[in-house]
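The values are calculated or read from the model by the stated rules, or taken from the named source; none is laboratory data. Everything numeric here is computed off the predicted structure, so don't read it as measured data. Cβ coordinates were reconstructed from backbone atoms using ideal geometry, including for glycine residues, and neighbour counts include every protein chain displayed. In case anyone asks, the SASA skips ligands and DNA or RNA and just uses the protein heavy atoms, side chains included. Shrake-Rupley method; radii C 1.70, N 1.55, O 1.52, S 1.80 Å.
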Amino acid sequence: MSDSSPQEKKPASRALLTFSGIYSIFRKELIQLLRDPFLVAFIVTLPIIQLVVTGLAISKDLKHIEMIVCNQDKKNASIELLKAFDNSTFFEIDHNNYVDSDEELNRGIRKGKFRVGLTIPPGYSEQILSGKGHTNVNITIDGTHANIAKTIKGMAIAIIENHTHEQMKASALGHTALPLIGLSSTIVQPNTKILYNPELKASWFLIPGILAIIMHMMTILFTSFAIVRERETGTLEQLMATPIRVADLMVGKVIPYAVIGFLDMVLTLGVMIWFFEINISGSFWFLCFTSIVFIVTSLAIGLLISTTCRSQVQAVQLTLGLLLPSLLISGFVFPLEPMPWFVKIFSYCLPLTYYLDIIRGVVIKGNGLSELWQHMLILTFLSSLLLGASIFRFKKQIA
Amino acid sequence: MPLAATNDMQPAIMTENLVRRFGENIAVNNLNLTISRGEIFGFLGPNGSGKSTTIKMLCGLLSPTSGQARVAGIDVNKDPEYIRSKIGYMPQKFSLYEDLTVTENIEFYSKLYGVTGHAGNIRKKEVIELVGVGKYHKHLGRELSGGWKQRLALCCALVHNPEIIFLDEPTASMDPVARRELWDLLFSLASSGVTLFVTTHYMDEAERCSSVGYIYNSRLIVSGGPDELKQVREVVGQDNQRYEIACRPLVASFNIIKAIEYVEDVTIFGQALHVVVPAHINEHQLRHDLHSAGIALQSIRPIEPSLEDVFVTLTKANIKYDEEMRQNRLSSLRPAPSGVAHVR
Ligand SMILES: Nc1ncnc2c1ncn2[C@@H]1O[C@H](COP(=O)(O)OP(=O)(O)OP(=O)(O)O)[C@@H](O)[C@H]1O
Ligand SMILES: [Mg+2]
């Protein structure tokens, strides 16, 4: 036992935070994280996987879109056109169930059984055979999912144009599928009609929003685990018996997750830019900067949750319980404007609401600090409020 | 460990009417304890009697519902941070990091306690040697056996040279040799001026403490030096005598003896029975009565009560008291039976 008087050991400073305190917690947390490579891989890859999967489900790689057909022509040329649609893997036609009228076709789409309908008018083959002028076909698209509708429209037009082109080329070379007509330069003109959402505005809306939500959820979850895990395993009890400051503990715990969260953010932004080919109209660095603030706010929410929960399962439940309603009222799916005022009050308490505005503003409209400084201010305010609240709550709990 | 003059006169631990409730339940009820510096205080009691709760309050991990507690001369409510730098705490359940190695755990805790630099390294080496965890330094916490986990926990609780150490069932999962070694270590710590507050379920450990307290159903029933406790009136009584009786078969004999009308109490202790009879029944008469009851007597001798006798007797008295309280709430003016004559 060495000689030491009680006075010597009294902590010299009463500062809220100390570097050594934060550093010891940070180092310990880092070692523990790295010792669990599965967790690290999980944290890093999960947001990317989620973004890709969700993004794909919404926009890319659409296949086997069921098409309802109203063939009022029923002659050779129209059958050729339907074959062209058949040959693409994108559309799928049920040849046994053609309908006879546009009303029936619209009904099929309204019921949600088909996303798209093709109407070939009477006299289509005649016009092709005549070899000149143009003829119309009508494409009717369900606009509920703006991205899907857009893709369908593009694909249908491309298939028709390609078909017209092939037909001309074949006729010119003489080995045509329509042997009787010789040369045909009839242009097939597709008319598209979008049902329910004619402007198709949501296209670039979704991916940045999904990114925001995924990062929000993951960050909250992993941070809330950070302290709940120590409580669950009992290590918090031993930790609390030491003179560590609560603020040091909180900050030291949060830093590794902030670093991971930010890395994740950059990776998912990369996925958004290169995989989904969404260009950021505004400044990439400004977006990174705002994302840091957003991540810190999410971390603070996670911390607050972890001061309340006894187990990791509870933390997951609470996180999801908070997150699902906030998806509905943050403007991710539904616009805020028509919401009743008492819902709006909650909406404007959510950090997600502000960050959705920020990321969409930067990505789509090219906004910068001059438009978004208020959002930034509020986010900063919310994160300090939440951090303070979790430190306060935590202090009370062990005393 | 020389103590600073200001705190020298203060007892290491002192509680006054300390109470902790969990909702309706009382975990610790009006606890009054005074533990001097350099003492090894053994805290005993059945499961759920409030031992761990008491320790957690003294370490500032739980706030008392009412009452006062002073540790190292300082009120636990006033300056818990300061107290934490003076005390070591070894929880009942292993509470170090299972995914850190032994060295990393020790490193982490020494940093938190500010044991750093050259002096810190010397101290760390010293403690590791003292506790003997050096050969496992590369093992992860989860790879250690129960006993070695306890030692690692002890190491982390000692690293900052605390004045007072709280050990919650430190020997619960230790083998006999390790238990002996740990107690040797505790004695050497105590002799250097460290105060030890140890909970245990082992009577032999209790006998080695300089003072013990027995808590039953949240109430401190008795406290004092082990020898003093054996003199408690309820246990010894002037008018009865305790005998150790060896006989076969044990359980059958137990039932027969219990039925003898003047026998006040029978308890099975290992391979023998402890029987309490009124003082006017001498050994000769008892021997005769046992024979005529058909018991194959091997040996009989008068004995002093052991610590276990003290606790068993007081627990029985308290169970009876609690039952009476339940049946007749009016008699609540009568105090609970206890040996609190010896509260120091
Ligand atoms: N966090 C808690 N919430 C509610 N009740 C609790 C809590 N901690 C302890 N208790 C109750 O307080 C009483 C005393 O518990 P404590 O852990 O102090 O017992 P103990 O003497 O240490 O027992 P053991 O010998 O089993 O370790 C028990 O009835 C227990 O159920
Ligand atoms: Mg206990």
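See the values below:
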| read-out | value |
| --- | --- |
| For the protein assembly as shown, fraction of C-alpha pairs farther apart than 36 Å, in % | 62 |
| A versus B: buried accessible surface, summed, Å² (probe 1.4 Å, to nearest 100) | 3500 |
| Degrees separating the helix B:307-327 axis from the principal Cα axis of chain B, which is the longest one | 80 |
| In nm, spacing of pseudo-spin labels at residue B:271 and residue A:93 (7 Å Cα→C-beta vector) | 9.9 |
| Within 10 Å of each Cβ in A:229-241, the average number of Cβ atoms from other chains | 6 |
| For chain B, alpha-carbon Rg over 2.2 N^0.38 Å | 1.14 |
| Residue (of A:226, A:279, B:90) at the positive-pole extreme of the protein assembly as shown, dipole from beta-carbon charges | A:279 |
| Folded to 0 to 90 degrees: helix B:102-112 orientation relative to chain B principal axis, Cα | 70 |
| Total charge dipole magnitude, the stretch B:1-119, about the Cα centre, Cβ charges on Lys, Arg, Asp, Glu only, Debye to nearest 20 | 260 |
| Given B:93/B:230; B:86/B:230; B:51/B:149; B:149/B:230; B:86/B:316; B:93/B:258, the pairs whose alpha carbons are separated by over 30 Å | B:93/B:230; B:86/B:230; B:149/B:230; B:86/B:316; B:93/B:258 |
| Inter-probe distance in nm under a simple model that places probes 7 Å from Cα toward Cβ, at residue A:384 and residue A:273 | 3.1 |
| Angle in degrees between helix B:176-191 and the longest Cα principal axis of chain B, rounded to the nearest 10 | 70 |
| Surface share of carbon and sulfur [accessible, 1.4 angstrom probe, percent] for the protein assembly as shown | 59 |
